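Contents: one structure, followed by commentary.
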Protein chains: 2
Amino acid sequence: MTGRFDIEASDGAARAGILHTAHGPIETPVFMPVGTKASVKAVLPGELHDLGAQIVLGNSYHLYFRPGADRIARLGGLHRFMGWDGAILTDSGGYQVFSLRDTAAIEDDGVEFRSVYDGSRHRFTPELAMQIQRLLGSDIAMAFDECPPAGVEREKLQDAVRRTSLWAERCRACEPAPGQLVFGICQGGVDLELRERSAAHIVSLGFDGHAIGGLTVGETREAMFETTRATAQMLPAQRPRYFMGIGDPEGVLEVIARGVDMFDCVLPTRTARTGSALTSEGRLNLRNARFASDERPLDEGCSCPACSRFSRAYIRHLVNQQEILGLRLLSLHNLRFLLDLVAAARQAIERGEFLTWKDEALRRAKGANE
Amino acid sequence: MTGRFDIEASDGAARAGILHTAHGPIETPVFMPVGTKASVKAVLPGELHDLGAQIVLGNSYHLYFRPGADRIARLGGLHRFMGWDGAILTDSGGYQVFSLRDTAAIEDDGVEFRSVYDGSRHRFTPELAMQIQRLLGSDIAMAFDECPPAGVEREKLQDAVRRTSLWAERCRACEPAPGQLVFGICQGGVDLELRERSAAHIVSLGFDGHAIGGLTVGETREAMFETTRATAQMLPAQRPRYFMGIGDPEGVLEVIARGVDMFDCVLPTRTARTGSALTSEGRLNLRNARFASDERPLDEGCSCPACSRFSRAYIRHLVNQQEILGLRLLSLHNLRFLLDLVAAARQAIERGEFLTWKDEALRRAKGANE
């Protein structure tokens, strides 16, 4: 049962499915809040559950260094450590290794780099990435991949695709934790020929799901959406497709429209920390003086803990006074907004009205954003 | 009914009572969490309620400047603004004016000082302090007083007592908000003759309760406890006595033993922000490496949201990684610890076993603190 992916409805390329994990079924499309260091910033697991989160992300790179994957394993695994009963997806650490690439030496065998914590030298290999994720005991482990930034020369992109394939094979050969699903990652930047090559190889390895990596790394939005559309079609329909790192409302709806089932982003909580709210009428910067006496909730019709009790005026006051409660309330609201948006997208897919619903939602958000 | 104070039990100088406010009855002795800027740092009103808080503090000085008492009044008052249905006590702003005294010009009519927010010049008078608190709509307003630091020459202390008396009369002449109680404040440092003079005058004005101000400003602990003991006896037994600014477990129990009914302090939340937990076995600094693999809760037998789900190892990880959730969990725990401690003190008073219970609690806390 674990790993089964049932598609319950589809509407154009968009689909509504259920992915079965060791910690229960997940309704897709699904937004996955990011808990890099075993904590979705400022939010308790019980609150996440109440907001409607089904699965959260953990970060292998950071947890390997602090507090250590071995330690988390001894303490009963990542679910128990962070007090979260839902599903967890862990990334492999590849993205972190390469986004700190100035000190990284990449070879086919693995990558040598300096820890961001203390500058000490470390070596990540596909086998180590899988071992860390086995120790963490996540429900979904990601293969170790190489993620180059946008705009690198074709030769480097080609090399990253080749190495990602090589590493995917080695990850596939590792024993995952009991019940743990493993997803492969397709690279290739915005080069559709390389995407085709990468997808074909990754798919041939029989992963439980497939991720579209290497986007939102600096390319244009048009290129990102077009690459997503084309790559999703290269990935088998009967397995879940995961777009790594997108969380703005428009982006989320557009990748769902192109056949993506899962996505993650720090955007809701990061946006909260800058004092902004995501709403059905666009983004609100609570620092703006026009909210100083505004008695309305952040978003009419939202039932999050912030909107059910507090005014924009109060949240503005908290944000301006740098009260932690301000970013807490905005984090709760922004997560709820995105989780609700994706749940509504799922319902629109089930009704066969996804595209008109999406266009209306985006028009509304843009109209008020001026 | 509002303002009535029923003493239900007493044990030595310690008493268990019920103070009736416009937002319900308060069981005393009571610890009042501090929400200086209309927020108990990092904690939601619903959480405060679940922790057992009955009354919280707001700060007239800070709320006058940000977001403004007028604004809070237009938004329905402080309870509605901050979403707290329980009782609220507001301080008068006197302490803030004088703790920033380098720029303050004190005259009998009032105090001129510079705002900490933008350096602009302002003038506080007893009448303005009462007007602010009327606009905030707190359940208990505090008279405007002068609070000198420890160690000032007797003449200055005497002057502060005289001015505090003068100002108390003017505060008493102001119309409070409907149902709002007003407490007078006794000054006099650790000089018992001045305390006697101050108490006699304040008591003669017929306030709803009496505060012992001007302590925990730099005097020794012994002098503080002795002054508290003597001053409490100068204040009428049938009115609540409020010790301004104490929140360490030992201090709280010792002032209860000397006849104090109410107290406030930022200690639980401030201690949390430094990564420390208050426990029945003393204070724990979670940064200490010995907690890295410690699966136990912060305090065995505590039922707070932190202890019911998370290990010391996890909280240590959060604290070390500066995750907001770490200070949230420690804030919840520390508030619960102090609220529970005071609730237990009340029960011990009702059983007539307060002193033995207190000594045992303090011995336990000290024994493990080494």
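Which condition breaks for B:GLY259 when tested against (1) over 20 Å from B:GLY209 (Cβ atoms); (2) part of a loop (DSSP other than H, G, I, E, B); (3) of a type outside the set (Phe, Trp, Tyr)?
The single condition B:GLY259 does not satisfy is (1).
Mind listing whichever residues of the stretch B:193-214 are surrounded by fewer than 24 Cβ atoms within 10 Å (Cβ to Cβ), in contact with a Leu (Cβ under 8 Å, 6 or more places away or on another chain) and either without any contact (Cβ under 8 Å) to a residue 24 or more places away in the chain or not hydrophobic (A, V, I, L, M, F, W, C) (or both)?
Passing the criteria: B:ASP208, B:GLY209.
For the stretch B:220-244, how many residues meet the condition of being farther than 21 Å from B:HIS201 by Cα and part of a loop (DSSP other than H, G, I, E, B)?
Result for the stretch B:220-244: 1.
Can you list residue pairs whose Cβ atoms sit under 8 Å apart, with the first residue in the stretch B:299-327 being aromatic (Phe, Trp, Tyr) and the second being surrounded by 24 or more Cβ atoms within 10 Å (Cβ to Cβ) and not in a loop (DSSP other than H, G, I, E, B)? Count only pairs 6 or more apart in sequence or on different chains.
Pairs that qualify, where the first residue is aromatic (Phe, Trp, Tyr) and the partner is surrounded by 24 or more Cβ atoms within 10 Å (Cβ to Cβ) and not in a loop (DSSP other than H, G, I, E, B), are B:PHE310/B:LEU329; B:TYR314/A:PHE81; B:TYR314/A:MET82.
Would you mind finding the one in A:VAL182, A:VAL252, A:VAL217 that is among the aliphatic types (A, V, I, L, M) and part of a loop (DSSP other than H, G, I, E, B)? So that I can check it myself, show each step before the final result.
Values: A:VAL182 fails: part of a loop (DSSP other than H, G, I, E, B); A:VAL252 fails: part of a loop (DSSP other than H, G, I, E, B).
The unique qualifying residue is A:VAL217.
For the stretch B:148-163, which residues satisfy the criterion of being at pLDDT below 95, crowded, with 16+ Cβ neighbours inside 10 Å and farther than 16 Å from B:ALA105 by Cα?
B:ALA150
Only one residue in B:ALA365, B:ALA343, B:ALA289 is open to solvent by 30 Å² or more (accessible area, probe 1.4 Å), under 24 Å from B:ASP11 (Cα atoms) and among the hydrophobic types (A, V, I, L, M, F, W, C). Which one? Quick ask: steps written out before the conclusion?
On the way: B:ALA365 fails: open to solvent by 30 Å² or more (accessible area, probe 1.4 Å); B:ALA289 fails: under 24 Å from B:ASP11 (Cα atoms).
Residue meeting the stated conditions: B:ALA343.
Name the residues in the stretch A:86-123 that are buried (at least 20 other Cβ atoms within 10 Å of the Cβ), without any contact (Cβ under 8 Å) to a residue 40 or more places away in the chain and closer than 24 Å to A:CYS265 by Cα, would you?
Selection gives A:GLN96, A:VAL97.
I'm checking my understanding of the structure. Among residues of the stretch B:49-65 that are away from every other protein chain (no Cβ under 11 Å) and part of a helix (DSSP H, G or I), which one is surrounded by the most Cβ atoms within 10 Å (Cβ to Cβ)? I'd like the intermediate steps shown before the answer.
Step one: of the stretch B:49-65, the residues away from every other protein chain (no Cβ under 11 Å) are B:49-61, B:64.
Filter once more, so that each one left must be part of a helix (DSSP H, G or I): B:49-51, B:60-61, B:64.
On the way: B:HIS49: 13, B:ASP50: 13, B:LEU51: 23, B:SER60: 29, B:TYR61: 24, B:TYR64: 24.
That would be B:SER60.
Filter the stretch A:271-307 down to the residues that are among the β-branched types (Val, Ile, Thr) and in contact with a strand residue (DSSP E or B) (Cβ under 7 Å, 6 or more places away or on another chain) and list them by number. Before you say what the answer is, go through the steps one by one.
So in the stretch A:271-307, the residues among the β-branched types (Val, Ile, Thr) come out as A:271, A:274, A:279.
The one that is among the β-branched types (Val, Ile, Thr) and in contact with a strand residue (DSSP E or B) (Cβ under 7 Å, 6 or more places away or on another chain): A:THR271.
For A:VAL190, work out the one condition from (1) in contact with a helix residue (DSSP H, G or I) (Cβ under 8 Å, 6 or more places away or on another chain); (2) open to solvent by less than 50 Å² (accessible area, probe 1.4 Å); (3) of a type in the set (A, V, I, L, M) it doesn't fulfil.
(2)
Being crowded, with 17+ Cβ neighbours inside 10 Å, assigned to a loop (DSSP other than H, G, I, E, B), away from every other protein chain (no Cβ under 14 Å) and of a type outside the set (A, V, I, L, M, F, W, C): is that true of B:ASP299 here?
The answer is yes for B:ASP299.
From B:VAL116, B:VAL43, grab the single residue that is within 13 Å of another protein chain (Cβ to nearest Cβ), in contact with a Gly (Cβ under 9 Å, 6 or more places away or on another chain) and part of a loop (DSSP other than H, G, I, E, B). First the steps, then the outcome.
On the way: B:VAL116 fails: in contact with a Gly (Cβ under 9 Å, 6 or more places away or on another chain).
Only one candidate passes the filter, namely B:VAL43.
Can you tell which of A:GLU350, A:GLU281 is away from chain B (no Cβ under 11 Å), modelled with pLDDT under 95, under 24 Å from the mean Cα position of the chain (by Cα) and surrounded by fewer than 22 Cβ atoms within 10 Å (Cβ to Cβ)?
A:GLU281 is the lone residue from the list that is away from chain B (no Cβ under 11 Å), modelled with pLDDT under 95, under 24 Å from the mean Cα position of the chain (by Cα) and surrounded by fewer than 22 Cβ atoms within 10 Å (Cβ to Cβ).
How many residues does the stretch A:16-40 hold that are closer than 16 Å to A:VAL260 by Cβ and either within 14 Å of chain B (Cβ to nearest Cβ) or open to solvent by less than 10 Å² (accessible area, probe 1.4 Å) (or both)?
So the count comes out to 9.
State whether the residues of the stretch B:3-10 include one that is more than 13 Å from chain A (Cβ to nearest Cβ), without any contact (Cβ under 8 Å) to a residue 24 or more places away in the chain and part of a loop (DSSP other than H, G, I, E, B). So that I can check it myself, show each step before the final result.
Looking only at the stretch B:3-10, we keep the residues that are more than 13 Å from chain A (Cβ to nearest Cβ), and these are B:3-10.
Filter again for without any contact (Cβ under 8 Å) to a residue 24 or more places away in the chain, leaving B:4, B:6.
Checking which are part of a loop (DSSP other than H, G, I, E, B) leaves us with B:4.
Checking the stretch B:3-10: at least one residue is more than 13 Å from chain A (Cβ to nearest Cβ), without any contact (Cβ under 8 Å) to a residue 24 or more places away in the chain and part of a loop (DSSP other than H, G, I, E, B).
Within the stretch B:169-188, is even one residue modelled with pLDDT under 95 and within 30 Å of B:GLU27 (Cα to Cα)?
From the stretch B:169-188, those modelled with pLDDT under 95 are none; that's our starting set.
No - not one qualifying residue is present in the stretch B:169-188.
Among the candidates A:LYS358, A:LYS366, which residue alone is away from chain B (no Cβ under 14 Å) and modelled with pLDDT under 95?
Numbers: A:LYS358 fails: modelled with pLDDT under 95.
It is A:LYS366.
When the residues of the stretch B:164-174 are narrowed to those that are touching a residue at least 40 places away in the same chain (Cβ under 8 Å) and open to solvent by 40 Å² or more (accessible area, probe 1.4 Å), which ends up farthest from B:GLU196 (Cα to Cα)?
B:ARG170
Could you list, in sequence order, the residues of the stretch A:66-76 that are at the interface with chain B (Cβ under 10 Å from one of its Cβ atoms), surrounded by fewer than 22 Cβ atoms within 10 Å (Cβ to Cβ) and not charged (D, E, K, R)?
A:GLY68, A:LEU75, A:GLY76
I'm trying to understand the selection: among the residues of the stretch A:303-313, which are away from chain B (no Cβ under 11 Å) and crowded, with 19+ Cβ neighbours inside 10 Å? Can you show your working first?
First pass over the stretch A:303-313, keeping only residues away from chain B (no Cβ under 11 Å): A:303-304, A:307.
A:CYS304, A:CYS307 - these are the residues of the stretch A:303-313 that are away from chain B (no Cβ under 11 Å) and crowded, with 19+ Cβ neighbours inside 10 Å.
Considering only the stretch B:77-96, how many residues are within 19 Å of A:GLN321 (Cβ to Cβ) and either within 14 Å of chain A (Cβ to nearest Cβ) or assigned to a helix (DSSP H, G or I) (or both)? Please lay out each step first, then the result.
Step one: filter the stretch B:77-96 for residues within 19 Å of A:GLN321 (Cβ to Cβ), giving B:77-84, B:88, B:90-91, B:93, B:95-96.
So of that shortlist, the ones also either within 14 Å of chain A (Cβ to nearest Cβ) or assigned to a helix (DSSP H, G or I) (or both) come out as B:77-84, B:95-96.
The qualifying residues number 10.
Name the single residue that is farthest from the other protein chains (Cβ to nearest Cβ) among those in the stretch B:318-339 being of a type outside the set (A, V, I, L, M, F, W, C), in contact with a Leu (Cβ under 9 Å, 6 or more places away or on another chain) and open to solvent by 10 Å² or more (accessible area, probe 1.4 Å). Break it down into steps so the answer makes sense when it comes.
The first filter runs over the stretch B:318-339 and keeps only residues of a type outside the set (A, V, I, L, M, F, W, C), leaving B:320-323, B:326, B:328, B:331, B:333-334, B:336.
Going one step further and asking which of them are in contact with a Leu (Cβ under 9 Å, 6 or more places away or on another chain), we end up with B:320, B:326, B:328, B:333-334, B:336.
Then keep just the ones that are open to solvent by 10 Å² or more (accessible area, probe 1.4 Å); that gives B:320, B:336.
Details: B:ASN320: 7, B:ARG336: 15 Å.
Residue satisfying both the conditions and the ranking: B:ARG336.
The rows are residues; the columns are (1) closer than 23 Å to A:LEU332 by Cβ; (2) in contact (Cβ under 8 Å) with a residue 40 or more places away in the chain; (3) under 15 Å from the mean Cα position of the chain (by Cα).
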site	(1), (2), (3)
A:GLY17	no, yes, no
A:ALA22	no, yes, no
A:LYS37	yes, no, yes
A:VAL40	yes, yes, yes
A:GLU47	yes, yes, no
A:LEU51	yes, yes, no
A:PHE81	yes, yes, no
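Within the stretch A:124-137, restricting attention to residues that are open to solvent by 10 Å² or more (accessible area, probe 1.4 Å) and assigned to a helix (DSSP H, G or I), which residue is farthest from the other protein chains (Cβ to nearest Cβ)? Outline the logic, then answer.
So the first thing to find is which residues in the stretch A:124-137 are open to solvent by 10 Å² or more (accessible area, probe 1.4 Å), and the list is A:125, A:127-128, A:131, A:134-135, A:137.
Add one more test, that the residue is assigned to a helix (DSSP H, G or I), and what stays is A:127-128, A:131, A:134-135.
Values: A:GLU127: 25, A:LEU128: 21, A:GLN131: 20, A:ARG134: 19, A:LEU135: 14 Å.
Checked the stretch A:124-137; the qualifying residue farthest from the other protein chains (Cβ to nearest Cβ) is A:GLU127.
The values are calculated or read from the model by the stated rules, or taken from the named source; none is laboratory data. Quantities reported herein were computed from a predicted structural model and do not represent experimental measurements. Cβ atoms come from the backbone with ideal geometry, glycine included; neighbour counts cover every protein chain shown. Heads up: the accessible areas ignore ligands, DNA and RNA and are worked out on the full protein's heavy atoms, side chains in. Shrake-Rupley method; radii C 1.70, N 1.55, O 1.52, S 1.80 Å.
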